[in-house]
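FYI, it's all coordinate maths here, none of it is from the lab. The structure displayed is predicted, hence computed values, not measured ones. Here the Cβ is made from the backbone with ideal geometry for all residues, glycine too, and neighbour counts use every protein chain on show.
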Amino acid sequence: MRRKLTTVLRVFRTGAVNFVRNLSLAIAAMAVMVITLTIVLFSLITNVTFNHEVGQLTSQVDVSVYLNDSTSSTQAEQLITRIKLLSNVKSVNYLDKTQALKSFLAQNSNSPNLAQGVTALGSNPIYATIHIYPKDLDNVGSIENFLTEPANLALQAQGSPSYSGSLKQAIDNIAHATDVLREIGVIAVVVFAVVSILIIFNTIQMAIFNRREELTIMRLLGASTWYIRGPFVVESAIYGLFSALLSVIIINTTFAASSGALQASSLGLLDINYANTYFTNHFAMLLTLQVLIGIVIGAASSVIATQRYLKFKTAR
């Protein structure tokens, strides 16, 4: 056991020494890997941010039903019960005339003249309102079809139901931007990942060529396959480790510099403040993910290179 541990430590030490020795060759590989991992991290954070914005806007979209003043509370309750049975209804919020008036005044608190005009009437002109929040915004028609049935329409005031469709347009824009960004991110990651693998592949190939006599002697002396290959894998894994750390530093610096100067509207659909908050709160997880991806790319490249150029027939 102690002998195996000593061997493993020697492999890691040799890999670290090779990394320092071949640093000039590794710079190109690390530069491309930094770009790859930065795109991965930024795409992930942006995707989460867009999904958060969609969720926020979706919760505000509703179908409002305004009930006639002649509609009794019993009729309103029966209508609400039937609405809740619809498959596309997530939740229902009912405001009687008094509650609806309070809500109206709160929403228009910045317009004192409007509030004074409403109260000056002496009676409550605001209808009792049912707010219906759908599960699927693309299937709101099923709710509207139910509400426009003659029996249900007879309970409603003129102009009811009302659908806040402007928010749906914003949601569609964000969803479309998310899909486009995800596709671009995947393509960019694949391209740069392939370039990274090819560069690391060539770097390891050059290292093998420079050490070919030493490796031949090690093989003749009975060194095992993994003992010869191990330092190259460790060296490439170190490429990935440092590239991951650099990519996280770049993203952290970018968000730190932009969050104080930019607001959500500054980049259109992207909420910089939320993205920065998410990055900060999930820093450990994102750092771990970046390191794992970087190490996997580096190690996989090295394994392929050594498998091809060291001509190992069997594992020992």
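Every helix of 4 or more DSSP H residues in the chain counts as -39500 (n - 2.57), and over all residues that averages to -24500 deg cm²/dmol at 222 nm.
Annotation for Thr253 and Ser91: the two label points, set 7 Å from Cα along the Cα-Cβ direction, are 4.3 nm apart.
Stretching Thr7 away from Ser70 to a fully extended chain increases their span by 13.9 nm, per 0.36 nm per residue minus the current alpha-carbon distance.
Considering all different alpha carbon pairs of the chain, the Kirkwood hydrodynamic radius works out to 24.9 Å. Please find the FRET efficiency linking Thr81 to Asp138, where r is the Cβ-Cβ separation and R0 is fixed at 25 Å, and quote it to the nearest 0.05. Efficiency, rounded to the nearest 0.05: 0.50.
Largest GNM mean-square fluctuation across Ser301, Ser111, Ser196, computed for the chain with C-alpha springs under 10 Å, falls on Ser111. Given R₀ = 30 Å, FRET efficiency for Thr14-Thr288 by Cβ-Cβ distance, to 0.05? It comes out at approximately 0.70.
A convex hull fitted to the Cα coordinates of segment 1-42 yields 76 cubic angstrom per residue. Between Gln307 and Leu23, the simple spin-label model (points 7 angstrom out along Cα→Cβ) gives 3.2 nm. When the Cα positions of Pro134, Asn51, Ala151 are compared along the charge dipole of the chain, Asn51 comes out farthest toward the positive end, with charges on each C-beta of Lys, Arg, Asp and Glu. Label-to-label distance for Val48 and Val195 is 2.6 nm, based on points extended 7 Å past Cα in the beta-carbon direction.
At full extension, Asn281 and Arg211 could sit 20.6 nm farther apart than now, given 0.36 nm per residue minus the alpha carbon distance. Taking Ala31, Ala16, Ala257 in turn, the Gaussian network model of the chain (Cα-Cα springs below 10 Å) assigns the largest fluctuation to Ala257. Dividing the convex hull volume of the alpha-carbon atoms in segment 1-138 by its residue count gives 265 Å³ per residue.
Averaging the sequence gap over all C-alpha pairs within less than 8 Å and six or more residues apart, then dividing by the number of residues, gives the chain a relative contact order of 32 percent.
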